[in-house]
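A short worksheet on the structure shown next.
The values are calculated or read from the model by the stated rules, or taken from the named source; none is laboratory data. None of the values given here were measured: they were computed from a predicted structure. Every residue, glycine as well, gets a Cβ built from its backbone with ideal geometry; the counts of neighbours run over all protein chains shown.
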Amino acid sequence: MPRRPAADSLLRALAAESRTGRTADHETFLRALDAVTVGLLFWDLSRGPIHANRWLRDTLGSRGDGERVGRELQAFAERLAWRVLRRKPRGADVVELAARELRSSGVRHWMRGSYIGLNLLGSGPCLLIAIKARADTPFPSLAELRVCFGLSSQESRVALLLAQGSSNVEVASALSISPHTARRHTERVLAKLGVHSRAEVAARVLESGRRKHTEK
């Protein structure tokens, strides 16, 4: 099982705020979801999808197999909703229900479904499906990234971390730099890779890795 996504820390904080009655307003909550570098889908138990965060929307929109991944994500959520409607979990704000792997176009997608017993989006308890892509194709080396995209040594490290789903805070921690510096490096990496969002970095980096692997 892969490392649990950064969404967990956000959910723990929201659960704590909910218990004290200090839950953030709707717009603040949605901005927090968009800042998380994994795909997040909130799913109403009876009515279906409520909200998909920016990372998920960008990823599904930029991948050739995004439609297929979206269908698998929906099927996974529908199965979990059926389970929960038959027997709702008790005694916790967040209960992990199931996880599964989806392989598509050289990428492993890990999907993890949780029951959220909090009224976070104004529709009562719901499901949260978190999805993160992990490459089957090896990532290129730092040297290969420098040559392929004209990156500096530090930018190559940042590009690799972004491709692995790291946030600016996680990049800063891994490289012992400030979050502000990490953000500046991220902006330069996006420009040099010719992409417009962090979600596209993995696909761009993996494309270079597959091309290098094919040439060998």
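Taking L40, is it part of a helix (DSSP H, G or I) and modelled with pLDDT of 75 or more? No.
Annotation note: Cβ proximity below 8 Å between a residue of the stretch 85-102 that is modelled with pLDDT under 80 and a residue that is loosely packed, with under 12 Cβ neighbours inside 10 Å (sequence gap 6+ or interchain) occurs for D93/R19; A99/M1.
What are the residues in the stretch 150-195 that are in contact with a helix residue (DSSP H, G or I) (Cβ under 9 Å, 6 or more places away or on another chain) and among the basic types (K, R), if any? R157, R183, R188, K192, listed by residue number. Among the residues of the stretch 53-64, some residue qualifies, meaning at least one is outside any helix (DSSP H, G or I), modelled with pLDDT of 80 or more, under 20 Å from M111 (Cα atoms) and under 14 Å from the mean Cα position of the chain (by Cα).
For the stretch 117-181, the helices (runs of 4 or more DSSP H) that sit wholly inside it and include 3 or more residues that are out of contact with any Leu (no Cβ under 8 Å at 6 or more places or on another chain) and assigned by TED's automatic domain parsing to the domain that holds R204 are 142-149, 168-175.
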